[in-house]
Amino acid sequence: MSLSTLSHPAAAAAAAATGSGKFLFPAGPAVQSVRFPKARAPVPAAVSSATAAVHADSAEDRVSSLSQVSGVLGSQWGDEGKGKLVDVLAPRFDIVARCQGGANAGHTIYNTEGKKFALHLVPSGILHEGTLCVVGNGAVIHVPGFFGEIDGLESNGVRCDGRILVSDRAHLLFDLHQVVDGLREAELENSFIGTTKRGIGPCYSSKVTRNGLRVCDLRHMDTFGDKLDVLFKDAASRFQGFQYSKSMLKEEVERYKKFADRLEPFIADTVHVLNESIQQKKKILVEGGQATMLDIDFGTYPFVTSSSPSAGGICTGLGIAPRVIGDLIGVVKAYTSRVGSGPFPTELFGEEGDRLRKAGMEFGTTTGRPRRCGWLDIVALKYCCQINGFSSLNLTKLDVLSGLSEIKVGVSYSQPDGQKLQSFPGDLDTLEQVQVNYEVLPGWQSDISSVRSYNELPQAACLYVERIEELVGVPVHYIGVGPGRDALIYK
């Protein structure tokens, strides 16, 4: 994949600063100069204390203005930091609902004491006592993992009883699905998808081929074994490496009899619960897992997940009408990362990629795998904004870019013959051959992790944020500058 570089006028102007606020940039054979605004003066301590109050007011205004049913969705290849925003917004909502995916999600959040929680299936509103968490019909449930997550939360003082509802229509993900996931990946050899091996794809396959089991089947243990037998036999007939015996079936049925008793208090008709809540004017925040570029229809197929993490998945995954959905917030890193295989046009290799990976601590929450890192891809981001109709963006990990002398932004794709592509291509052969055209923006050297007001950010950081808004046509309302709850700027 080859690269070409453009210079945005304002970015080029800031590329080579002199002490007087005068900047130089190359323009063809000559070197021209241009006046650029001087860096903001340090904020006095007296102003800093007042800034905290302003920050609190702007945060309250921004969050309280969100619609009754709002959503937080990923707008790259996942791992953008959706969980943190959901955790921050949750106190202003009555319900936080997961609409798709399973334990392949890895949402990292922190409580007020700074303790870290890695959530996979439980919605990220769980740390807030007054919030009801719902796992919708579009999700897939690995019951042992679900209880393991709950046990971990409760051992750390987070009460879960009476605070989580699981849809009776959601499909059950069994250990056999996880075994099949690994066997499929091994079968693909060099063209493997790079899944989390959590059994998500095989479980959704069972759902689509109509031999899957749902949560409501746990209420009918008299027929549960027969249905599970079909799944076991199907896997054994498909994969030579899958060992199956009647004793395995008997053991699994006995295991799920115990799970059924414990899960019963969590099971609900969540379609009814959510629609009743909407009628009662309760506020609902939808939490997406994975991201649009991993969507089964709109992502880089076949290197995608097995569900619909884009806006359409909200309706099918929760059973609510499109007309009730209001604000949708797209979460996007200040750069790009992805886990697993598949095309990645702006990927960085060598020291540059390692620098982003290390600074951003880019290792999978679910798998621990090192993430591939690269520059922000505006073509992919605009595509995600079109599909989802985002009302605003949450730009995360802006602090990771601190210390770079310059920052590149992929603004367009060209084909090998030089012809510019008008949209994000669905054909992977085309995507693998694109030439990425970059704009170069100035970097900043100061640590911004303690900044809480947009006006206190370095000039170059503001330029970066505003150029993203200009390129995608969607405002950035939230800016992440660290992992903690408070490390968030409201713009």
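The values are calculated or read from the model by the stated rules, or taken from the named source; none is laboratory data. Because the structure is predicted, anything quoted here is derived from the model rather than measured. With ideal geometry, Cβ positions are generated from the backbone for all residues, glycine too; neighbour counts draw on all protein chains shown. To get the accessible areas, we keep the full protein, side chains included, count just its heavy atoms, and leave off ligands, DNA and RNA. Shrake-Rupley method; radii C 1.70, N 1.55, O 1.52, S 1.80 Å.
Data table
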item	result
Count - residues of segment 394-425 that are among the charged types (D, E, K, R), open to solvent by 50 Å² or more (accessible area, probe 1.4 Å) and touching a strand residue (DSSP E or B) at 6+ places or on another chain (Cβ under 8 Å)	3
Residue within segment 282-299 that is among the hydrophobic types (A, V, I, L, M, F, W, C), surrounded by fewer than 21 Cβ atoms within 10 Å (Cβ to Cβ), outside the structural domain of residue 431 (by the TED database) and over 30 Å from residue 382 (Cβ atoms) present	no
Subset of segment 446-458 (residues that are more than 19 Å from residue 376 (Cβ to Cβ) and either of a type in the set (A, V, I, L, M, F, W, C) or not in a loop (DSSP other than H, G, I, E, B) (or both))	451, 455, 456
Some residue of segment 312-324 being of a type in the set (S, T, N, Q) and either surrounded by 16 or more Cβ atoms within 10 Å (Cβ to Cβ) or over 30 Å from residue 431 (Cα atoms) (or both)	no
Scan of segment 201-218 for residues that are of a type in the set (Lys, Arg) and exposed (fewer than 13 other Cβ atoms within 10 Å of the Cβ), ordered by number	210
Residue in segment 180-199 that is open to solvent by 90 Å² or more (accessible area, probe 1.4 Å) and either aromatic (Phe, Trp, Tyr) or over 27 Å from residue 295 (Cβ atoms) (or both) present	no
Single condition residue 229 does not satisfy, out of (1) in a helix (DSSP H, G or I); (2) within 23 Å of residue 166 (Cβ to Cβ); (3) touching a helix residue (DSSP H, G or I) at 6+ places or on another chain (Cβ under 8 Å); (4) free of Cβ contacts under 8 Å to residues at least 40 places away in the same chain	(2)
Count - residues of segment 110-134 that are over 13 Å from residue 90 (Cα atoms) and buried (at least 20 other Cβ atoms within 10 Å of the Cβ)	5
Filter result for residue 309 (assigned to a loop (DSSP other than H, G, I, E, B) and assigned by the TED database to the domain that holds residue 429)	no
Hits in segment 151-165 (condition: over 18 Å from residue 90 (Cα atoms), in contact with a strand residue (DSSP E or B) (Cβ under 9 Å, 6 or more places away or on another chain) and assigned to a helix (DSSP H, G or I))	152
Hey, residue 391 crowded, with 16+ Cβ neighbours inside 10 Å and either closer than 30 Å to residue 315 by Cβ or not assigned by the TED database to the domain that holds residue 461 (or both) or not	yes
